[in-house]
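Here is the structure we will look at.
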Amino acid sequence: MAVDATQPYDDQNIFAKILRGEIPNKTIYQDDFALAFHDINPQAPTHVLVIPTGAYVSWDDFSARASDAEIAGFVRAVGKVARDMGLVAPGYRLLSNAGTDSHQEVPHLHVHLFAGKPLGPMLVR
């Protein structure tokens, strides 16, 4: 079910539970600002999720309420994960869904990092 990204943060969402250690994950990277882990339903040979450690529903919410340090830390974490996984040279795609039209499924800001094969056009035609 798609998420209405204008609603308040739900601290019972799956990513909040992962951040609290209530649900296990295959962590790739973690610092004060971000957690990166393998997606449990990969859509590409490499499919990683990067989430901020703060409670933000979407990019809109994050850009409006996060501190400068949180924003910089999160963006740097996404780049570090891509570099550390050796994805820069062959290429990768970042995707972040926001709201119902994009089919956002979890009400916690997250970036999908896809790689490992040619990914084709950006949108299905």
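The values are calculated or read from the model by the stated rules, or taken from the named source; none is laboratory data. The shown structure was predicted, so the numbers you read here are calculated from the model rather than taken from an experiment. FYI the Cβ positions are ideal-geometry reconstructions off the backbone, even for glycines, and counts take in every protein chain you see. Accessible surface areas use protein heavy atoms only, side chains included; no ligands, DNA or RNA. Shrake-Rupley method; radii C 1.70, N 1.55, O 1.52, S 1.80 Å.
With an 8 Å cut-off on Cα pairs and a minimum separation of 6 or more residues, tell me the relative contact order of region 1-56 in percent.
27
Subtract the Cα-Cα distance of SER63 and ILE14 from 0.36 nm times their separation in residues, and report this length gain in nm to one decimal.
Roughly 15.5 nm would be gained on extension.
Tell me, what is the FRET efficiency for MET1 and ILE23 to the nearest 0.05, using R0 = 22 angstrom and their Cβ-Cβ distance as r?
Taking R0 as 22 Å, the efficiency between MET1 and ILE23 is 0.70.
For region 1-106, build the charge dipole from Cβ charges (+1 Lys, Arg; -1 Asp, Glu) around the Cα centre, then report which of SER96, GLY86, MET1 sits farthest towards its positive end.
Checking the options against the dipole of region 1-106, the answer is GLY86.
May I ask you to list the lysines whose Cα is less than 27 Å away from that of LYS117, ignoring any residue fewer than eight positions away on the same chain?
LYS117 reaches LYS26, LYS80.
With an 8 Å Cα cut-off and a minimum separation of 6 or more residues, compute the relative contact order for the chain in percent.
36
Protein chains only, probe 1.4 Å: how do ASP10, ASP32 rank by accessible area, largest first?
Most to least solvent-accessible, the answer reads ASP32, ASP10.
In deg cm²/dmol and to the nearest 500, what is the mean residue ellipticity at 222 nm of the chain if only DSSP H runs of at least 4 residues count, each as -39500 (n - 2.57), divided by the residue total?
Mean residue ellipticity at 222 nm (helix-derived): -7000 deg cm²/dmol.
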